[in-house]
Structures are given as structure tokens and as C-alpha cells.
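Here is the structure we will look at.
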Amino acid sequence: MAQTSNDIKNGSVLNLDGQLWTVTKFQHVKPGKGPAFVRTTIKNVLSGKIVDRTFNAGMKMDFETVDNRNLQYSYEDGDSFVFMDMTTYEQTNIPKDLVGEQAKYLLEGTDCIVSFHDGTPLSVELPASVILTITHTEPGVQGNRSNAGTKPATVETGAEIQVPLFVGEGEKVKVDTRDGSYLGRENG
């Protein structure tokens, strides 16, 4: 069945000029005058570049199928990370540059969503937040307010984050994987 621009939805993967693009936003527009069209915001699957594109309504398009799988991070192996499918125990090597900056919050045993197209990994999505243990931080000095009551702290993955003055070494904290911000202490 041929697909057209009328079938575009969030998460659709389009093949445009040999490159894969994921639809992040779309809007079907039917103006009072003139033909209908579809306004989209698309993200290049490989480069991460985001662009706005407009397509005529009913235009034939190449949709690609993307297989999203839940994989668990196992270990680092040279210039790749090894993930395991917990149902088949099959291991997959994912290039480090595909994980990008999020690798700073990747801890052994973390469940991630890995997108594949024709067996090739396209992207790795970490959970929105992870629980990490503080391995090093200076004691909080109450009088030092030049930095709005925060101090640098190193977590078990080696990443440095900003935490409130009362947080100490050995404590578990919740960290946002998108920007590395402190979300609170974790008990347990």
C-alpha cells in the first residue's frame, strides 16, 4: 500500500533523498484558499539536525519501519557500548557516538530503548532520569553563597553535576539524563 503525506504521524520515519528523518511534530493544514499541506518538524536520525519541512497533501512518500527494542546496557568495549536483549540474551555493540553525551549517565544494568533500521542501530534513548551515587564532593560551606547554594559533585559514572550544599559523598541522587540536572536525593 503506497503511503502519502496524509499518513504522517509523530514518530514516523521518512526516507528523504536517501536519509532517514523522524517526525517530531506535524500539522495538517487546510487553508481556505489553495491546496492542503502538511507542516512538519523532522530530525535527521544520524546527524540529529532538526529542520522544518512542508509537504503537499497526498504526496507519495517513503516511510521506513523502525524496530524499537528494550536493551540493557552491559559494559564498555573499546569504541562501543555493549547492550543485551534480556529476552534472547543476544548482545549488540552500539558505537559510542550514537549514545553521545548521554553516555555520562549510562550505568551498568540501565534499560534503554534502541531503535534499529534494517539491523543497523539508529539511536539510543536512556530513561528520563537515573539514580547515581556521589563518589566525590567537597563538604558544603554554609557561608559560601556565590553559587546559589550548589556545589560540584562527581557521580559513579565519572560525570560532574551540580548538587545542593547538603548533599554528601555516598548519597544516591536522581539525575536528569537530558541535561545532567539534579532532581533530588533517593532513599534506599
*If a residue has to be open to solvent by less than 100 Å² (accessible area, probe 1.4 Å) and closer than 23 Å to T22 by Cβ to count, how many in region 69-78 make the cut?*
3
*What about L107, is it at pLDDT below 85, in contact with a Ser or Thr (Cβ under 7 Å, 6 or more places away or on another chain) and not assigned by the TED database to the domain that holds G170?*
no
*asked:* Can you tell me which residue is least open to solvent (accessible area, probe 1.4 Å) among those in region 34-64 that are assigned to a strand (DSSP E or B) and over 17 Å from D7 (Cα atoms)?
replied: N44
_Cβ-Cβ under 6 Å pairs, at least 6 apart or on other chains, region 59-75 side without any contact (Cβ under 8 Å) to a residue 60 or more places away in the chain, far side surrounded by fewer than 16 Cβ atoms within 10 Å (Cβ to Cβ) and small (G, A, S)_ = K60/A2
*Among what's in region 10-33 and is closer than 23 Å to D118 by Cβ and in a loop (DSSP other than H, G, I, E, B), pick the residue that is most open to solvent (accessible area, probe 1.4 Å).*
D17
*Residues of region 81-108 being open to solvent by less than 50 Å² (accessible area, probe 1.4 Å) and assigned to a strand (DSSP E or B), which ones?*
F81, V82, F83, M84, T92, I94
*Out of region 65-80, which residues are more than 20 Å from the chain's Cα centre (by Cα) and outside any loop (DSSP other than H, G, I, E, B)?*
D77
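Residue-wise test of (1) touching a residue at least 24 places away in the same chain (Cβ under 8 Å); (2) under 19 Å from I161 (Cα atoms); (3) in the same structural domain as K172 (by the TED database); (4) touching an Asp or Glu at 6+ places or on another chain (Cβ under 9 Å).
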{"site": "T87", "(1), (2), (3), (4)": "no, no, no, no"}
{"site": "Q91", "(1), (2), (3), (4)": "no, no, no, yes"}
{"site": "I94", "(1), (2), (3), (4)": "yes, no, no, no"}
{"site": "Q102", "(1), (2), (3), (4)": "yes, yes, no, yes"}
*Where residues in region 162-182 are more than 11 Å from L132 (Cα to Cα) and in a strand (DSSP E or B), which of them is most open to solvent (accessible area, probe 1.4 Å)?*
Q162
_Search result, residues across region 109-120 that are within 15 Å of the chain's Cα centre (by Cα) and not in a strand (DSSP E or B)_ = T110
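The values are calculated or read from the model by the stated rules, or taken from the named source; none is laboratory data. Since we're looking at a predicted model, the values are computed, not measured. All Cβ positions, even for glycine, are placed from backbone atoms using ideal geometry, and neighbour counts span all protein chains on display. The accessibility values were calculated without ligands, DNA or RNA, using every heavy atom of the protein model including side chains. Shrake-Rupley method; radii C 1.70, N 1.55, O 1.52, S 1.80 Å.
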